[in-house]
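Student: So that we are looking at the same thing, I have put the structure below in structure tokens.
The values are calculated or read from the model by the stated rules, or taken from the named source; none is laboratory data. Keep in mind it's a predicted model, so treat the numbers as computed, not measured. Every residue, glycine among them, receives a Cβ derived from its backbone with ideal geometry; neighbour counts consider all protein chains shown.
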Amino acid sequence: MSYQVLARKWRPANFTEMVGQDHVLRALINALDEDRLHHAYLFTGTRGVGKTTVARIFAKSLNCEKGVTSQPCGVCSACTEIAEGRFIDLIEVDAASRTKVEDTRELLENVQYAPTRGRYKVYLIDEVHMLSSHSFNALLKTLEEPPPHVKFLLATTDPQKLPVTILSRCLQFNLKRMPLPLIEQHLQYILQQEQIEFDAHAIKLLAHGADGSMRDALSLLDQAIAFGAGKLNRDEVQAMLGGVSRDRVLGILKALMASDAQALMTEIHALAEMTPDFQNALADLLALLHQIALAQFSPDAVDDNLVERETLQQLAQQISPEDVQLFYQIGLMGRKDLPLAPDPRIGFEMALLRMLAFKPAGSKASVTPAAPVQTAPAPQTTTASPAAAVMQAAPVTTAPAEPPPASTASPASAPTPAQAPASASLSHFENDWRGLIDASGIKGMMKQVAVNCVLQKREGPVMTLILDQQYAQLLTPNLQAKLQDALSQFLNEKIKLEISLGTSDKETPAQTQAKNEAEKQQLAEQLIEQDPVVQALKENFNAQIVPNSVRPID
């Protein structure tokens, strides 16, 4: 007897043999047991998660000779013929190869006729999203009002491409990607039944390679058994998958963390001797960086199935979150640029060397910053080049272009009423209303009122102020009294404030400050545009400055 591949040999024959998808199976089983059957079902999900398998088992359940049941016998002629793909009343169609409207009309010509052998005539249309718009229109009327003896079972990997008119007429079930532990458990069970030697790490590698698809996992298992001459071990499975040993990738990561270029080149040379796929090598590095970032911010989210879990948790304590994010971003861009490199190894090396070259200030391998202003890190950038990522991760900083005005006190040194200088008096400030506000150290709502006032005149202890009309809601008798008391306490003399609403030709302190800040912002943007480093990045890498990301340094 010829060899039967594992994916077909171990295909479930009934719902109890299904692995995973409990949320779908429960609904179907209840519908069958309670005889609450819909005329059209849509099964969606990625490849190899069981869409067609569920549909075939459902067809068995509908046509089993012992009656409609969630537990088909599997031995009657209907069950046997469905399992072997020769049941005349189960019409399986691959929509990818029959997209024309003529094909759909031909398919539906016999819908009105009663089933030949079974209880129901079942149409199983795989990859239904591949049908043309005219084909969907031809299907729509039949799908809306089918004869009582017809059931439609539709399967697709891309439900977004289905018209809403089709979706609204089907019961939709979304089959999930298979979790890694479930794939590993099922592979181990099959290997035990097949009496094949294996080690746990080889199973983990196959489960990771399956990427959530049980069918892919079984196909890889078949390939691994053939590659390993009837047994599975870690090194051979790793070689078959074309991947790189995690130990080698960890060595590269440790060299990056230590900023040791020599050790890094040694690790790359050792890696190159294995003739790896450098795209996959970068992907493995990014996966490790992702797990390290999780360990730093959400330790409980780290994958429990990782062999290197403890090692990654230790590394998470030895590397800064900034370095992790920088390495990840550069690695991501490096994967995109790898096909453009003269040689895959060269592209791989340059991506890793770029990680060293652009580590933040304070690292062993960093770029000396030089620019008159600081660019705030932005969450997004409009360019896809590596230089743009560097502009995010390594802002350019130097001293401010000029010191702040002498008339403005810094927040740290601004005196409070209790700290008033002995020489402070009303005559000391003359008509300098802004200077009095800054020196007094008043805060909160009192300061909001004060900075939006102008001093109209002063006669002895009486100060006449005009408050901008648009801030009228701020002024209350209680707040005016508190402001008057605070200034009196600061000046060590009794003063009186007379505040009226209106407009003035003079600038309020708030208006003056806003104008000064706008001028500083404009100067900062001009200086960053003129900076030679920024100009070089824009010229050589088509980089762009993220709008509103430039901030002047006080």
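Student: Is there a residue in segment 95-108 that is modelled with pLDDT of 90 or more and either in contact with a strand residue (DSSP E or B) (Cβ under 9 Å, 6 or more places away or on another chain) or assigned to a helix (DSSP H, G or I) (or both)? Lay out the reasoning, then the answer.
Tutor: Our first condition is that a residue be modelled with pLDDT of 90 or more; within segment 95-108, this holds for none.
No: zero hits.
Student: Give segment 277-330 a look and list any residue that's at pLDDT 80 or above and not in a helix (DSSP H, G or I), or say none. Show your work before the answer.
Tutor: Residues of segment 277-330 that are at pLDDT 80 or above, as a first pass: 277-299, 311-330.
Answer for segment 277-330, where residues must be at pLDDT 80 or above and not in a helix (DSSP H, G or I): 277, 298, 317, 318, 319, 320.
Student: Still on this model: Name the pairs whose Cβ atoms lie under 6 Å apart, with the first residue in segment 189-205 and in the same structural domain as residue 227 (by TED's automatic domain parsing), the second assigned to a strand (DSSP E or B) and surrounded by 12 or more Cβ atoms within 10 Å (Cβ to Cβ), and 6 or more positions between them or separate chains?
Tutor: Going by the 6 Å Cβ cut-off, the qualifying pairs are 197/231.
Student: Does residue 462 satisfy the condition of being farther than 30 Å from residue 358 by Cα and touching a Pro at 6+ places or on another chain (Cβ under 8 Å)? Give the steps one after another, and end with the answer.
Tutor: Values: farther than 30 Å from residue 358 by Cα: yes; touching a Pro at 6+ places or on another chain (Cβ under 8 Å): no.
Considered against the rule, which asks whether it is farther than 30 Å from residue 358 by Cα and touching a Pro at 6+ places or on another chain (Cβ under 8 Å), residue 462 comes out as no.
Student: Just to verify a result, which residue in segment 169-200, among those that are assigned to a loop (DSSP other than H, G, I, E, B) and within 30 Å of the chain's Cα centre (by Cα), is farthest from residue 144 (Cα to Cα)?
Tutor: Initial filter on segment 169-200 (assigned to a loop (DSSP other than H, G, I, E, B)): 169-170, 175-179, 195-196, 198-199.
Next, only the ones that are within 30 Å of the chain's Cα centre (by Cα) stay: 175-179.
Numbers: 175: 24, 176: 27, 177: 30, 178: 33, 179: 36 Å.
That would be 179.
Student: When you look at residue 245, is it at pLDDT below 85, under 24 Å from residue 276 (Cα atoms) and not acidic (Asp, Glu), yes or no? Reasoning before the result, please.
Tutor: Working: at pLDDT below 85: yes; under 24 Å from residue 276 (Cα atoms): yes; not acidic (Asp, Glu): yes.
Spelling it out, residue 245 is indeed at pLDDT below 85, under 24 Å from residue 276 (Cα atoms) and not acidic (Asp, Glu).
Student: Here are 498, 493, 459: which of them is at pLDDT 90 or above and over 21 Å from residue 513 (Cα atoms)?
Tutor: None of the other options fit; the residue is 498.
Student: Kindly indicate which of 229, 270 is modelled with pLDDT under 90, outside any helix (DSSP H, G or I) and surrounded by fewer than 19 Cβ atoms within 10 Å (Cβ to Cβ). Full working, then the answer.
Tutor: Numbers: 270 fails: outside any helix (DSSP H, G or I).
None of the others qualify; the one that does is 229.
Student: Being farther than 23 Å from residue 149 by Cα and without any contact (Cβ under 8 Å) to a residue 40 or more places away in the chain is the filter here, so list the residues in segment 26-60 that pass it.
Tutor: Keep residues of segment 26-60 that are farther than 23 Å from residue 149 by Cα, which gives 26, 44-50.
26, the sole residue that qualifies.
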